[in-house]
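Colleague: One structure, as structure tokens, below. Some questions next.
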Amino acid sequence: MKTADIMANLAAKHPGENEYLQAVQEVLESIEEVYNQHPEFEKAKIVERMVEPDRIFTFRVTWVDDKGDVQTNLGYRIQFNSAIGPYKGGLRFHKAVVPSMLKFLGFEQTFKNALTTLPMGGAKGGSDFDPVGKSNDEIMRFCQAFMTELWNCIGPDQDIPAGDVGVGGREIGFMYGMYKKLAREYNTGVLTGKGSTWGGSILRPEATGFGALYFTQHLLETAGKNIKDKKVALSGFGNVAWGAATKAKELGAKVVAISGPDGVCEIPDGITDEMIDYMLDMRASNRNKVEDMATKFPGKAKFTAGKKAWSVACDIALPCAFQNELSEDDAKELEKNGCWCCCEVSNMGCQPGAIHYFQSKGILFAPGKAVNAGGVATSGLEMTQNASHISWSAKEVDDKLHFIMQSIHEQCVKYGTQPDGRIDYVKGANIAGFMKVATAMLEQGII
Ligand code: GLU
């Protein structure tokens, strides 16, 4: 297999689907060498099959807004790969959602889920519905309309959606209500990220951020470093950033910046518990403005319009918002300001130029599919609890999450350690995930 040939083919079939092509390119270039040592993979055309989703559902979602006007959005579910388990992955509600974005996310999800050690295939879905400025009632009506189409594509042993950008516990609740009504079954295992009184796992909301910090701890420890008293800049203020800020503070780090689409909030003395709590209000308000933090905490948080979190001096950068949010120029600015570690928490948060720059300068870097896998891993733990009709304590879930993040780190070290002793976490995560999925596909025959 030659990455360039496969990419040329894919680009011809899917013109303009840049995010999807970017994600595939990143994986293929890092697995090429290992792949070519396995003629049985080549014979079964594993790569050619793995880069295309198994199937895509597209549907119209029509709902009525608060003014009584009829609104129409597009909805999607992309079932990418089910070699190691039922399709599993989140739903994203964001105005920029198009098939290319969901295909990149579904592709990444396949490898990420393989790293979790749990039996989950890869999927992603969502809609171009824009939650910004929407009322609670509008969110409910949209979620209900979305589920009237999605419900018969999913099931606890078939495809299990969850949250992602724009979809949290509230949206999962509204969608589950409609699912239950249509399916006439109390099948909690069909969605994860549910409320903790009706089948949701304790710690699922925190899990992506907590898991990211556990992974960061392992990475730092392996490099002979420590997170205590380090300055952390993170982007976003949604669920993932909230969990990351909570755990970073708990581990003794100082979160000095959070950001949003409108700009950055600098917090020179470090984020406080009140500010972390306020992040939840900011998300629930659907205003999507980080400036609200500075308005609420004058003198403690300083807002600058149009700037990113990467303009603030820090030791560790944690992109927690959106794909491609950190460019090569941002990486250079971070380095200039003293940053020596970047753990990507968002899916494909760093542009390829930024990753190459970090790696060329010896700045520690780990990719999203390893760092943020604690979220979907805890979804997997939620599925186990649902299937056995029990509920684990916070300690039980946290211990399992810890163990999974440690195991993901070990897999990255196993497959990513280079002849000079350096650990290439991008290669490590991609090869580990790939080997597991490819082996399962091979064993299941040509389908
Ligand atoms: N959207 C999250 C992710 O990117 C979670 C998916 C899930 O829990 O199924 O991994």
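Colleague: For segment 116-161, what are the residues that are assigned to a loop (DSSP other than H, G, I, E, B), over 20 Å from Thr384 (Cα atoms) and of a type in the set (Val, Ile, Thr)?
Modeller: Once the filter is applied, which keeps residues that are assigned to a loop (DSSP other than H, G, I, E, B), over 20 Å from Thr384 (Cα atoms) and of a type in the set (Val, Ile, Thr), segment 116-161 yields only Val132.
Colleague: Before we move on, is Leu105 closer than 24 Å to Glu206 by Cβ, within 15 Å of the ligand (Cβ to nearest atom), assigned to a loop (DSSP other than H, G, I, E, B) and not small (Gly, Ala, Ser)?
Modeller: The answer is no for Leu105.
Colleague: State whether one or more residues within segment 378-388 are outside any loop (DSSP other than H, G, I, E, B), over 30 Å from Glu185 (Cβ atoms) and of a type outside the set (D, E, K, R).
Modeller: No, the conditions are met nowhere in segment 378-388.
Colleague: Of all the residues that make up segment 162-190, how many are aliphatic (A, V, I, L, M), touching a Gly at 6+ places or on another chain (Cβ under 8 Å) and either within 12 Å of Met140 (Cα to Cα) or assigned to a loop (DSSP other than H, G, I, E, B) (or both)?
Modeller: Residues that pass the stated criteria total 3.
Colleague: Next question. Taking the condition of being among the β-branched types (Val, Ile, Thr) and more than 16 Å from the ligand (Cβ to nearest atom), how many residues in segment 385-405 meet it?
Modeller: Result for segment 385-405: 1.
Colleague: Out of segment 108-130, which residues are among the small types (Gly, Ala, Ser) and within 13 Å of the ligand (Cβ to nearest atom)?
Modeller: Passing the criteria: Ala114, Gly121, Gly122, Ala123, Gly125, Gly126.
Colleague: Suppose we filter Lys296, Lys300, Lys249 for residues that are in contact with a Pro (Cβ under 9 Å, 6 or more places away or on another chain), surrounded by fewer than 20 Cβ atoms within 10 Å (Cβ to Cβ) and not hydrophobic (A, V, I, L, M, F, W, C); which single one remains?
Modeller: Lys300
Colleague: Going by what's in this entry, would Phe111 be described as buried (at least 24 other Cβ atoms within 10 Å of the Cβ), of a type in the set (Phe, Trp, Tyr), part of a helix (DSSP H, G or I) and in contact with an Asp or Glu (Cβ under 9 Å, 6 or more places away or on another chain)?
Modeller: no
Colleague: Kindly evaluate Gly90 against the criterion of being buried (at least 21 other Cβ atoms within 10 Å of the Cβ) and within 12 Å of the ligand (Cβ to nearest atom).
Modeller: Yes: the conditions hold for Gly90.
Colleague: Another question about this same structure. Looking at Leu234, Leu191, Leu203 in this structure, which one is without any contact (Cβ under 8 Å) to a residue 40 or more places away in the chain and either out of contact with any His (no Cβ under 9 Å at 6 or more places or on another chain) or more than 20 Å from Met279 (Cβ to Cβ) (or both)?
Modeller: Residue meeting the stated conditions: Leu191.
For every residue, the table says whether it meets (1) under 19 Å from the mean Cα position of the chain (by Cα); (2) surrounded by fewer than 24 Cβ atoms within 10 Å (Cβ to Cβ).
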| residue | (1), (2) |
| --- | --- |
| Val345 | yes, no |
| Cys350 | yes, no |
| Glu382 | yes, no |
| Trp392 | no, yes |
| Gly416 | no, yes |
| Pro419 | no, yes |
| Lys427 | yes, yes |
| Phe434 | yes, no |
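Colleague: Looking only at segment 232-242, decide whether some residue is more than 18 Å from the chain's Cα centre (by Cα) and surrounded by fewer than 19 Cβ atoms within 10 Å (Cβ to Cβ).
Modeller: no
Colleague: Quick one: which residue in Glu328, Glu382 is away from the ligand (no atom under 15 Å from the Cβ) and either of a type outside the set (Gly, Ala, Ser) or touching a residue at least 12 places away in the same chain (Cβ under 8 Å) (or both)?
Modeller: Result of the check over Glu328, Glu382: Glu328.
Colleague: I need the helices (runs of 4 or more DSSP H) fully contained in segment 10-50, keeping only those with at least 1 residues that are within 24 Å of Ala354 (Cβ to Cβ).
Modeller: 18-35
Colleague: For Gly260, which of the numbered conditions (1) within 24 Å of Leu220 (Cα to Cα); (2) crowded, with 22+ Cβ neighbours inside 10 Å fails to hold?
Modeller: (1)
Colleague: May I pose another question? List every residue pair whose Cβ atoms lie under 6 Å apart, where the two residues are 6 or more positions apart in sequence or sit on different chains, the first residue falls within segment 95-109 and is touching a residue at least 60 places away in the same chain (Cβ under 8 Å) and among the polar types (S, T, N, Q), and the second residue, located anywhere, is within 11 Å of the ligand (Cβ to nearest atom) and not in a loop (DSSP other than H, G, I, E, B).
Modeller: Pairs that qualify, where the first residue is touching a residue at least 60 places away in the same chain (Cβ under 8 Å) and among the polar types (S, T, N, Q) and the partner is within 11 Å of the ligand (Cβ to nearest atom) and not in a loop (DSSP other than H, G, I, E, B), are Gln109/Gly89; Gln109/Gly122; Gln109/Lys124.
Colleague: Is it true that Ala321 is over 14 Å from Pro261 (Cα atoms) and outside any strand (DSSP E or B)?
Modeller: No: the conditions fail for Ala321.
Colleague: Would you be able to tell me the number of residues in segment 18-64 that are of a type outside the set (D, E, K, R), farther than 13 Å from Ile78 by Cβ, surrounded by fewer than 16 Cβ atoms within 10 Å (Cβ to Cβ) and in contact with a strand residue (DSSP E or B) (Cβ under 8 Å, 6 or more places away or on another chain)?
Modeller: 2
Colleague: Given the condition in a loop (DSSP other than H, G, I, E, B), within 24 Å of Glu32 (Cβ to Cβ) and within 15 Å of the ligand (Cβ to nearest atom), answer yes or no: does some residue in segment 408-424 qualify?
Modeller: no
Colleague: Among the strands (runs of 3 or more DSSP E) lying completely within segment 220-288, list those that include at least 3 residues that are in contact with a strand residue (DSSP E or B) (Cβ under 7 Å, 6 or more places away or on another chain) and closer than 30 Å to Glu138 by Cβ.
Modeller: 263-266
Colleague: Return yes when Val397 is in contact with a Ser or Thr (Cβ under 8 Å, 6 or more places away or on another chain) and closer than 19 Å to Ala248 by Cα and no when it is not.
Modeller: yes
Every read-out reported here was derived from the displayed coordinates using simple, explicitly stated rules and does not represent laboratory data. The model shown is predicted, which means the values in this text are computed figures rather than measured ones. Because the Cβ atoms are built from the backbone with ideal geometry, glycine has one as well, and the counts that use them run over all protein chains shown.
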